[in-house]
Amino acid sequence: NSTHDCPPPLRLCARLGIPVGDTNGDGPMLLLGREAAEVKAAELAVWRQRGLVLDAPAAASLLRRNLACGVTAVESISAPNSERFGPDPLNGPYAGGAVAMWSAANKRYHRLQPLPDAEILSTFHDAAGTPCSPAVLRWQDAAGGRVAVLGWDLAAAIDECQLHWSHARRHQLHRLLAWVGRRPLPCTVDAPNVQVIVRRRTDGGIVVGVLN
């Protein structure tokens, strides 16, 4: 009856107008920390080809097993004061903009040390305006697999309004998921009040259900 009853990844996608569910099983994957510990190296290689989005605990888990994911280190930091969006076109109309993070809490954010060939989409800053860490970055491996890394614990921070429930994040994630998956999303909803969007493929067609 409510997105509050859903797992954090589904809540995030549903509230931001991102399609969830794909009966063909070939869309991008969203992997959180607690699941990453169970992923085998062969599975990870396949998922990178599909397109993979990791939160910070998931990236840290993969690093502990020497599995490449676009960063070389992940460490906890204090809650940032703002997120600033760089000129990367994946930031859409919010490229060059910023979002104040008044509700940010400690023990949810992490400093990402990116690989040299990773590209930073947005950056966390402290109250003095000093950069703390990449907030979102993207990376492509030598085999062409694509990975995006989020600089926070998605499950722990799911209710932080300025972090997740903003137009800036919606525009960024719509484009980022299309980039990691190498094709546009089948549909998106550009409205803040969408609760659920579900996609199922049929022979020659797409069925979309929307609840708002």
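Tell me, what is the per residue accessible area of the range 63-183 in Å², probe radius 1.4 Å?
44
For the peptides 54-63, 175-184, 38-47, the ranking by mean Cβ contacts within 10 Å, running from highest to lowest, is 54-63, 175-184, 38-47. Other residues lying with their Cβ under 12 Å from the Cβ of ASP55 contribute a combined charge of 0, Lys and Arg counting +1, Asp and Glu -1. Ratio of Rg to Rh for the range 1-160: 0.95 [Cα atoms; Kirkwood radius as inverse mean 1/r over pairs]. The convex hull of the Cα atoms of the range 74-184, projected and averaged over all directions, covers 6.9 nm².
The values are calculated or read from the model by the stated rules, or taken from the named source; none is laboratory data. Predicted model only: the values in this text are computed from it and were never measured. Every residue, glycine as well, gets a Cβ built from its backbone with ideal geometry; the counts of neighbours run over all protein chains shown. The protein model used for the area step is the full one, side chains on, heavy atoms only, and it has no ligands, DNA or RNA in it. Shrake-Rupley method; radii C 1.70, N 1.55, O 1.52, S 1.80 Å.
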